[in-house]
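What follows is a set of notes on a single structure, which appears directly below.
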Amino acid sequence: MSAADDLKARADAAFKHARYEDAVALYAAAIQADASNPLLLTNNAMALLKLQRYAEVVDCCNAALALRPNNVKALWRRATAYSALARYNEANSDYEAALLIEPTNKTLVAELENNSRALQPDNASAASTRLLCHVDRPPKGAQEFERAWRESHESPELLYMYLKLIPVSDFPALPRSSLESAHLSAISKALDFARREHGDDYQLAFDILTALTRVDRFALAVLFLDHDDTNRILAIIAWLGKDKGLGVEHLEKQYH
């Protein structure tokens, strides 16, 4: 048995016993051992769905679809994640693509119908109201942060508004499990929005980037950032240093 197969078997067992955090860690290790197997990616996406880590589900499914474009599981799980993120048009596209491959799948048909109802004007308005009510106050704990995070992180403007509400000293304790590259990616987009639209609010960017370095598994999250996210963060740091005169040497070292 290969290393990837052994890790997959252990991940499958963890998932079966509802140890989803363990399953995600083991699937991730299996993917590192064999990045060419889309089944590892779709299994990991399922475990991430159980943890409601929807942005990471999308990333896993994107990688699986790059390997196998007609992968129904990847399309289906990405559609589920898109729907949870209120990205209903993208969810519909994936449900429809999956149904082209499996046109008799009744569960897919039902989920497409449910998602389509969310696109109706009254429902879309209600979803927006629910979204705003979760991001108009600081979180009372990690669980509330994660709920508001799921509803705001796809919008840089909304996430920026939410980040402004959170005392910087609270950041290290807020990610319920650990910091992920998806957190850093979304926060960097929100801070870049703030830099372009609210240039005087530079202290917030400095304080948040500094606080994030104290969050559990920060170094690992930085390691898994893609090139665009890393460059975006470094551009913000350079702006803080050159344009705003802040001491950013420690940030440059942490985020490189």
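The values are calculated or read from the model by the stated rules, or taken from the named source; none is laboratory data. Note that the structure is predicted; figures quoted are calculated from it, not measured. We place every Cβ from the backbone using ideal geometry, glycine too, and count neighbours over all the protein chains shown. Side chains included, ligands, DNA and RNA excluded: accessible areas come from the protein's heavy atoms. Shrake-Rupley method; radii C 1.70, N 1.55, O 1.52, S 1.80 Å.
The table below lists the values:
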quantity: Cα-Cα over 20 Å, subset of Lys8/Lys106; Lys140/Lys189; Lys50/Lys140; Lys16/Lys140; Lys164/Lys189; calculated: Lys8/Lys106; Lys140/Lys189; Lys50/Lys140; Lys16/Lys140
quantity: Met161, Met46, ranked by accessible area, largest first (probe 1.4 Å); calculated: Met161, Met46
quantity: For region 179-185, 3J(HN,Hα) per residue [Karplus equation, 6.51 cos²θ - 1.76 cosθ + 1.60, θ = phi - 60°, Hz, x = Gly/Pro]; calculated: 6, 10, 4, 5, 4, 4, 4
quantity: Potential lengthening between Ala3 and Arg196 on full extension [0.36 nm per residue; Cα-Cα distance subtracted]; calculated: 64.8 nm
quantity: Accessible carbon and sulfur surface of the chain relative to its total accessible area, %, 1.4 Å; calculated: 50
quantity: Estimated FRET transfer efficiency (Thr107, Lys244; beta-carbon r; R0 51 Å; 0.05); calculated: 0.45
quantity: Rounded to the nearest 10 Å², the accessible area of Leu159 at probe 1.4 Å; calculated: 0
quantity: Given charges at beta-carbon only (K, R positive; D, E negative), |dipole| of the chain in Debye; calculated: 420
quantity: Accessible-area ranking of Ser152, Ser116, largest first, probe 1.4 Å; calculated: Ser116, Ser152
quantity: Rough spin-label spacing in nm, given labels placed 7 Å along Cα→Cβ, for Ala84 and Leu51; calculated: 1.1
quantity: Rounded accessible area per residue of the chain, 1.4 Å, Å²; calculated: 51
quantity: Net length gained if the chain between Asn231 and Gln203 were fully extended (0.36 nm per residue, minus Cα distance); calculated: 8.1 nm
quantity: Which of Thr107, Thr230 is most accessible, then next, and so on - probe 1.4 Å; calculated: Thr107, Thr230
quantity: Charge dipole (the chain, unit charges on Cβ, about Cα centre) - positive-most of His153, Leu99, Leu26; calculated: Leu26
quantity: Stretchable slack from Leu223 to Lys253, in nm (0.36 nm times residue separation minus alpha-carbon distance); calculated: 9.5 nm
quantity: Listed residues Leu246, Phe218, Ser188: farthest to the positive end of the dipole of region 168-256 (Cβ charges); calculated: Phe218
